[in-house]
Amino acid sequence: MANMNMIQALNSAMDIMLGRDPAVVLMGEDIGYFGGVFRATEGLQRKYGEHRVIDSPIAEGGIVATAIGMSVNGLRPVAEIQFADYIYPGFDQIVSELARIRYRSAGDFFAPVTIRTPCGGGIRGGQTHSQSPEALFTHISGIKVVMPSNPYDAKGLLITSIEDDDPVVFFEPKRLYNGPFDGDPNKPAVPWSTHPKGQVDEGYYKVPLGKADIVRAGADVSIITYGTMVHVALAAAAAMNVDAEIIDLRSLVPLDVETMVASVRKTGRCIVAHEATRFSGFGGELLSIIQEECFWSLEAPIQRVAGWDTPYPHAFEWEYFPGQARVKAALQAVMETA
Amino acid sequence: MTKKSRLHLPRVPARPGETPDFSYVQLSPAGSVPRPQVNARARDMGALSVELVRVLDDSGDAVGPWNPHLEASDLQVGLRHMLLTRLYDDRMQRMQRAGKISFYIRSLGEEAVGVAQAMALRPSDMLFPAYRQQGAQIVRGISLVDLMSQLLSNTKDMCKGRQLPVMYHSRANNIFSISGNLATQFPQAVGWAMAAAIKGEDNLAATWIGEGSSAEADFHYALLFASVYQAPVILNVVNNQWAISTFQGYAGGEQRAFAARGPGYGMPGIRVDGNDFLAVYAVTQWAAERARTGAGPTLIELVTYRGAAHSTSDDPARYRAKDDAEHWPLGDPIQRLKAHLIKIGEWSEERHQAMSAELEALVASSWKEAIKFGTMTEGPRLNPSTMFEDVFKDMPQNLQRQQALLRKELG
């Protein structure tokens, strides 16, 4: 085991997969010589060569499309889209092509492409470097969608994603790259070395897709969340002294319905939380499932915590971000209902 | 027997620790490239996309058919705008390092692009800039206080705190809102120009893109639509050799110059010395005349060099030779125009120093004024509840509700 931040854990996952499987190639803007703008691919081109870790033109549609072509010809491409906010020029290739190659060819062709992309706010990125567009991808049939909340999971989930024969969009909450973040920007940054999930196995291991992690067991309320909000929810519940069960979904597609449902049936109260915009957010889907599966166990209306229905404003990053205050308000509302 | 195919990887001339090498940059002697009639057929102007239009020669003289024969007073204004751009950049870079603003992008070494091109156009022409044409903002008369207020996201910010620093706009001065996403403005400018043609107006649109982002599909949409509809638009590719760490060869500049995309789509493409104020002015003026006389669009490749980092978020010492800029064969745009003005007896070191001091004082006093409207940490602050405005023209119910919730959340 070694101390790793999330960048190092992701780097380790790609290093191991490049070493294990000659079909694995990396491609993206600035990822080769430079090692990526967030340094996730640092040193990998030097180690595996320019034919395995490939710098690409600034053309996300081209990156996704050529990754599809490579995958159909036997490679296992891991494409980096520099920011999730830049993924849209590749959207047609993802929605109309990547998601449906297996379906439309009745399984004769498939495209094992992993698309890694940093998402989320908290780094003063403004409206073009802060988005959390996961719901756009969960809505597409044929794409798996992953978002880790810590280095250990990030590595295991990325290895699983690369080995998966279906396409995966792998969102990396960039605010968590260097440490867990509880939603308070005024507190000094905490490194991953202080957190148990910053202890990462240096070798090969997998974390399965579709298996949620019960980060904290509790009896009073279930908080179903993923990404940065896992840490915010933990801190808010602790501050309110609420015995919350906190569930980190880790993968949104496939979704671990069983763990969610068991928890809510047990606690009878539920909050869903994500950083992305509320309206038509993934929280809406979670809410529907809980309502369908747990209606007779619910003791209070389900609460939803999310970013506002606006673009992410540069000056009001922390007023936009669903921080502890918003989680606490939801906890209060869900606990008050008798 | 044929050889096996092998993935070609464009050669990067000099990484850290290597000797800078710009032998790949094809140069033409100043004054050597003919200046065609503006209504010549694109197919007869192919050489413009291969040669390099230059006016200022190495001894500081303006030579050849592209010499725009500007008045000395115009050249002095150009020099002033370029120097102001550089001093503004220097100070804002320092303010970012001091934690006063969150992000900044300098245009070091590329000042002639924004300045000379904006000067060659009319105020009624619409600009669709990228993030490194602050010189054009200055030429259009946007005050430094207004530019700085945008960087500060303060109460005077034209974007009301919504955009990352340097994403300016000015409706009153015909400068479109800059996007943080690359290349999107290129085909939008073509649409603006199509509308001018539909309405029968003689304004044109000019837009800028880096050579790196010319890889995006949007670039190709722009050329196609501009060519099909012969739109009155000037499409500028600023080839500053580097897209963050990615060398221009990876954007497709290794096999053929970016200007040569123009003839491929049926419009002239001109390669111009981007550090030569006079040459940049002249080709822009030529392209503007084409647009205004119904002769159609022009693609201009401005060959220049990104003298600084991409932004305050990267360190070029990690991916290119440290002394790269010093070896750049086309020199510095400010030094070159200054030398020319001195050569023709219209400038002096003393006047230059005096102007430099005056402009530095202007930048300093503008900063003092701008921070009165607030910084990210001190002074007046925009009301956070304004973030819900302008999502739509009329605020829908869900946003009204969220606005109220935020007020409650903030106490």
- Taking first residues from the range A:313-332 that are of a type in the set (D, E) and second residues anywhere that are at pLDDT 95 or above, the pairs with Cβ under 7 Å that are 6 or more apart or on different chains are A:E317/A:G121; A:E319/B:P384; A:E319/B:M387; A:E319/B:L406
- Unique residue being free of Cβ contacts under 8 Å to residues at least 12 places away in the same chain and out of contact with any Phe, Trp or Tyr (no Cβ under 7 Å at 6 or more places or on another chain) when the list is B:Q255, B:Q285: B:Q255
- Query: In this structure, does B:E378 turn out to be away from every other protein chain (no Cβ under 12 Å), of a type outside the set (S, T, Y) and in a loop (DSSP other than H, G, I, E, B)?
  - Reply: yes
- Message: Checking B:M158 against (1) touching a strand residue (DSSP E or B) at 6+ places or on another chain (Cβ under 8 Å); (2) crowded, with 24+ Cβ neighbours inside 10 Å; (3) within 14 Å of another protein chain (Cβ to nearest Cβ): exactly one of these is not met. Which one?
- Response: (2)
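Any residue at all in the range B:302-319 that is in a strand (DSSP E or B) and either surrounded by 24 or more Cβ atoms within 10 Å (Cβ to Cβ) or assigned by TED's automatic domain parsing to the domain that holds B:G191 (or both)?
The answer is yes; a qualifying residue exists.
Across the range A:236-250, what is the number of residues that are in a loop (DSSP other than H, G, I, E, B), closer than 20 Å to A:D184 by Cα and touching a strand residue (DSSP E or B) at 6+ places or on another chain (Cβ under 8 Å)?
First, the residues of the range A:236-250 that are in a loop (DSSP other than H, G, I, E, B): A:241-243, A:249-250.
Narrowing further to those that are closer than 20 Å to A:D184 by Cα: A:241-242.
Imposing the further condition that a residue be touching a strand residue (DSSP E or B) at 6+ places or on another chain (Cβ under 8 Å) reduces the set to A:242.
Total meeting the criteria: 1.
Could you check the range B:223-251 and list, in sequence order, the residues that are of a type in the set (G, A, S), closer than 17 Å to B:I300 by Cβ and within 14 Å of chain A (Cβ to nearest Cβ)? Give the steps one after another, and end with the answer.
The first filter runs over the range B:223-251 and keeps only residues of a type in the set (G, A, S), leaving B:226-227, B:231, B:243, B:245, B:249, B:251.
Narrowing the set further to residues that are closer than 17 Å to B:I300 by Cβ leaves B:226-227, B:231, B:251.
Answer for the range B:223-251, where residues must be of a type in the set (G, A, S), closer than 17 Å to B:I300 by Cβ and within 14 Å of chain A (Cβ to nearest Cβ): just B:A251.
Residues are listed down the side, and each one gets a yes or a no for (1) among the basic types (K, R); (2) out of contact with any Cys (no Cβ under 7 Å at 6 or more places or on another chain); (3) crowded, with 20+ Cβ neighbours inside 10 Å:
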| residue | (1), (2), (3) |
| --- | --- |
| A:P167 | no, yes, yes |
| A:F170 | no, yes, yes |
| A:P180 | no, yes, yes |
| A:Q199 | no, yes, no |
| A:K206 | yes, yes, no |
- Note on the structure: Scanning the range B:383-411 for residues that are under 13 Å from A:W308 (Cα atoms), touching a Leu at 6+ places or on another chain (Cβ under 9 Å) and more than 8 Å from every other protein chain (Cβ to nearest Cβ) gives B:S385, B:E389
- Only one of (1) surrounded by fewer than 20 Cβ atoms within 10 Å (Cβ to Cβ); (2) within 11 Å of chain A (Cβ to nearest Cβ); (3) over 19 Å from the mean Cα position of the chain (by Cα) is not met by B:N181, so which one is it? (3)
- Task: Report those helices (runs of 4 or more DSSP H) wholly inside the range B:35-153 carrying at least 2 residues which are surrounded by fewer than 18 Cβ atoms within 10 Å (Cβ to Cβ) and outside the structural domain of B:G307 (by TED's automatic domain parsing).
- Result: none
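So is B:G135 away from chain A (no Cβ under 14 Å) and on the phi > 0 side of the Ramachandran plot or not?
On the way: away from chain A (no Cβ under 14 Å): yes; on the phi > 0 side of the Ramachandran plot: no.
No.
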- Going through the range B:163-209 in order, the residues found to be closer than 26 Å to A:Y88 by Cα and among the β-branched types (V, I, T) are B:V166, B:I175, B:I178, B:T184, B:V190, B:T207, B:I209
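Looking at the structure I just gave you, is A:S193 outside the structural domain of A:G281 (by TED's automatic domain parsing) and farther than 19 Å from A:F282 by Cβ?
On the way: outside the structural domain of A:G281 (by TED's automatic domain parsing): yes; farther than 19 Å from A:F282 by Cβ: yes.
Yes.
The values are calculated or read from the model by the stated rules, or taken from the named source; none is laboratory data. Source: prediction; values computed, not measured. All Cβ positions, glycine included, derive from the backbone under ideal geometry; neighbour counts span all protein chains shown.
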